[in-house]
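Trainee: Pasting a structure here, questions to come.
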Amino acid sequence: MLNELATQVRNGKIDPVDLVKESLRRIDAARELNAVVALYADEALAIAHTHSRQGALAGLPLLVKDMARVKGHVTTAGSLLYKDAAPDTDDDIAIARLRAEGAIIIGRTNSPEFGGTAFTSNKLFGATRNPWNTSRSPGGSSGGSSAALAAGLAPLATTSDGGGSVRGPAAATGLVGLKPTMGAVGRNFLPRWIEFSTQGPTASTVKDVELLASIMYGDAVGDFLALPKSGINLAPRMPRTVLACRTFRTDVDPDIEAQYENMLEALSKSGVTVERIESPSNNDTIWNWFVISTAELTQSLRHEEHRWNQLTDYIQAQLRFGSTVTLDQYIEAQRKRHEISAKFDSLLIHDAVIVVPTANARSWPAEGPLPTFAGTTEDPMITLNTPDSNLTGHPAITVPMGLDDHGVPCGFQIIAPRFEDGLALGLAAHIEKIQPWPLTAPGYSPFAL
C-alpha cells in the first residue's frame, strides 16, 4: 500500500498537498479516538507545497509517537513534566530516516506517560480509544499510533517497543508490528530503558512493515548496541519449523486460546511443520525485565524527584519500586538475561521460530487498568507475552489472528533467531496469504485519496 501511494506521488499522479489535507481531514473526523494529540498542519502543508516528490515514502503523511524526538517540536512523552519543554534540537535517527525518504510529519500520537504501561492514557492528553471498540484500549505504549493506522488516519505512524509497545498495540488494533533484533535500529538518543527500547515499524500489511524496516534499520554513532544493516537478514523466508507455545506466563483467556489454535491448524493445513513445546520462559523473565526497566526509569527521572507527585499512578508505582532496587539486584537481573537468552537460542536453531499469543488476556478498558486474570488464573504479570524478547533481544512480529469476545483483534506473535528478522517476516507473509485480515477497523477505510 505504501509503495503504491508513494509511486503515484513520484510519477505526478498525486499531489503531496492533497495527501496532507486528506490526513488532516480524517484526523479531525476521528477525534473521539484521541489518537492524535498535536498537529503541525501549517508546517506540513508548507513542506508538501515544495516537496521534491522523491523517496520511497514520497509525500506520505507521517504521525510520530510522542516519545520520539522531532526537530523543532516538543516531545512530552505523555507527561505533565514536559508539557512546556523546549523544542527538540534534532530528530531521532529513525524519524530522520523516514523524513529522508520523503515522509512529511503532520503531528503526534498519544502515548502513556514515558511509555510505562500497556494502555494509552495519561494526565496530559487522556485516553486513546480503540477504533474496533471505543470502550477498549488500543494497547500501549504505541496505542495512539496504532489506533491512527487502524482507522486510516495516516499512511504512516511511528511505534517503539521496550516491553511490547509495538506488538501489543498492533495486536489490539489488527495490524502487523515488528520489534527488530535489538540494535538493528540505531539510536542517537538513548531511551530511558537503555537496552530494551527500539523503534520498530507497524502497518496494515507485512510488505509495508518490510519496507519501513528497510528504511529504519542501520547503526548510529554512539549507540553501543547498534548493529550494521548488513548484519541483519531482512529477506523474508519461511522457517523450517514452527514451535508452538501456549503462553509464556501462567494461563490464557479461552477466546484468545481458541484463535491461537485456529491459527496453528491453518498453518498445519498449509504444509507448515508445527511442534508443541514447553515454554522457555516464565514469570522470572518478566520479573527481571521489570527490575531492570524500573531501575533505569528511576535513574533517568531522579532529577525530577521533586515533581514525582505530578506523575500518573502507574509511573509513581514504578518509581517507588525502582528506588528500592539495589545494585546487587540490578546486576543479578542482568546476569539472568544470559540464562534466559540461552534457553531461547537453544530452541531457535536451524531456522526455527517460536509462536505464542501476543497477549494472554482479552482486551481491557481504554482507561485501564491492565488485567490481572487470564483463563482461570490470577497473576499480576499475566497480560502480555512480549517483554521476554526485549530481555533477550530476539526479533518478534505480531500478526492478526482473530477477534476476542469484545470484538477486538488479538495477535499471533512470531519470535525468530537474533539477526534473522526475515524469518519472522516470512512466516508473517505466509499467514497473511492463508488468513488475510482487514486493513482497517470496521467503519474506517484504508488511507487513500
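The values are calculated or read from the model by the stated rules, or taken from the named source; none is laboratory data. For clarity, every value in this text was computed on a predicted model and none was experimentally measured. Because the Cβ atoms are built from the backbone with ideal geometry, glycine has one as well, and the counts that use them run over all protein chains shown.
Trainee: Report yes if THR312 is in contact with a helix residue (DSSP H, G or I) (Cβ under 6 Å, 6 or more places away or on another chain), of a type in the set (Ser, Thr, Tyr) and more than 29 Å from PRO239 (Cβ to Cβ), otherwise no.
Mentor: For THR312, the condition - in contact with a helix residue (DSSP H, G or I) (Cβ under 6 Å, 6 or more places away or on another chain), of a type in the set (Ser, Thr, Tyr) and more than 29 Å from PRO239 (Cβ to Cβ) - is met.
Trainee: Check ILE414, ILE431 and return the single one that is of a type in the set (Val, Ile, Thr) and in a helix (DSSP H, G or I).
Mentor: Exactly one residue qualifies, and that residue is ILE431.
Trainee: Still on this model: Could you figure out which of (1) out of contact with any strand residue (DSSP E or B) (no Cβ under 6 Å at 6 or more places or on another chain); (2) within 26 Å of GLN259 (Cβ to Cβ); (3) of a type in the set (Gly, Ala, Ser) isn't true of ALA127?
Mentor: Failing condition for ALA127: (1).
Trainee: Quick check on VAL325: is it of a type in the set (A, V, I, L, M, F, W, C), more than 23 Å from the chain's Cα centre (by Cα), crowded, with 18+ Cβ neighbours inside 10 Å and at pLDDT 95 or above? Can you show your working first?
Mentor: Values: of a type in the set (A, V, I, L, M, F, W, C): yes; more than 23 Å from the chain's Cα centre (by Cα): yes; crowded, with 18+ Cβ neighbours inside 10 Å: yes; at pLDDT 95 or above: yes.
Criteria met by VAL325.
Trainee: Looking at (1) buried (at least 20 other Cβ atoms within 10 Å of the Cβ); (2) without any contact (Cβ under 8 Å) to a residue 40 or more places away in the chain, which one does ALA213 not meet, given that it meets all the others?
Mentor: Among (1) buried (at least 20 other Cβ atoms within 10 Å of the Cβ); (2) without any contact (Cβ under 8 Å) to a residue 40 or more places away in the chain, ALA213 violates only (2).
Trainee: Is it the case that some residue within region 334-344 is charged (D, E, K, R), free of Cβ contacts under 8 Å to residues at least 12 places away in the same chain and either assigned to a helix (DSSP H, G or I) or within 27 Å of GLU367 (Cα to Cα) (or both)?
Mentor: yes
Trainee: Might you check whether a residue that is among the aliphatic types (A, V, I, L, M) and farther than 30 Å from ARG276 by Cα occurs anywhere in region 331-340?
Mentor: yes
Trainee: Hey, any hits in region 105-117 for a residue that's within 15 Å of ILE27 (Cα to Cα) and basic (Lys, Arg)?
Mentor: Yes, that holds for at least one residue.
Trainee: Right, another one. Among the listed residues GLU367, GLU420, GLU432, identify the single one that is over 18 Å from the mean Cα position of the chain (by Cα) and under 18 Å from ALA118 (Cβ atoms).
Mentor: GLU367
Trainee: Looking at ILE194, ILE232, ILE277, which is the one that is crowded, with 20+ Cβ neighbours inside 10 Å and of a type in the set (A, V, I, L, M)?
Mentor: Just a single option satisfies the conditions, and that option is ILE232.
Trainee: May I pose another question? Being crowded, with 24+ Cβ neighbours inside 10 Å, in contact with a helix residue (DSSP H, G or I) (Cβ under 7 Å, 6 or more places away or on another chain) and basic (Lys, Arg) is the filter here; which residues of region 52-109 pass it?
Mentor: Listed by number, the list holds a single entry, LYS65.
Trainee: Within region 334-350, take every residue that is over 24 Å from the mean Cα position of the chain (by Cα) and small (Gly, Ala, Ser) and give me the one that is surrounded by the most Cβ atoms within 10 Å (Cβ to Cβ).
Mentor: So the residue we want is ALA342.
Trainee: Considering region 233-276 alone, what residues qualify as being farther than 18 Å from THR386 by Cα, part of a loop (DSSP other than H, G, I, E, B) and either in contact with a Gly (Cβ under 9 Å, 6 or more places away or on another chain) or without any contact (Cβ under 8 Å) to a residue 40 or more places away in the chain (or both)?
Mentor: ASN233, LEU234, ALA235, PRO236, ARG237, MET238, PRO239, GLY271, THR273
Trainee: Any residue in region 1-28 that's under 22 Å from GLU210 (Cα atoms): show its pairings with residues that are of a type in the set (Val, Ile, Thr) at Cβ separation under 8 Å, as long as the two are six or more apart or on different chains.
Mentor: MET1/THR205; LEU5/ILE14; GLN8/ILE14
Trainee: Among ALA58, ALA46, which is more than 22 Å from the chain's Cα centre (by Cα), free of Cβ contacts under 8 Å to residues at least 60 places away in the same chain and not in a helix (DSSP H, G or I)?
Mentor: Of ALA58, ALA46, the one residue that is more than 22 Å from the chain's Cα centre (by Cα), free of Cβ contacts under 8 Å to residues at least 60 places away in the same chain and not in a helix (DSSP H, G or I) is ALA58.
Trainee: Let me ask something additional. Could you say which residue among ILE354, ILE286, ILE315 is crowded, with 21+ Cβ neighbours inside 10 Å, touching a strand residue (DSSP E or B) at 6+ places or on another chain (Cβ under 6 Å) and touching a residue at least 40 places away in the same chain (Cβ under 8 Å)? Step through it out loud before you land on a result.
Mentor: On the way: ILE286 fails: touching a strand residue (DSSP E or B) at 6+ places or on another chain (Cβ under 6 Å); ILE315 fails: touching a strand residue (DSSP E or B) at 6+ places or on another chain (Cβ under 6 Å).
Testing whether each residue is crowded, with 21+ Cβ neighbours inside 10 Å, touching a strand residue (DSSP E or B) at 6+ places or on another chain (Cβ under 6 Å) and touching a residue at least 40 places away in the same chain (Cβ under 8 Å) leaves just ILE354.
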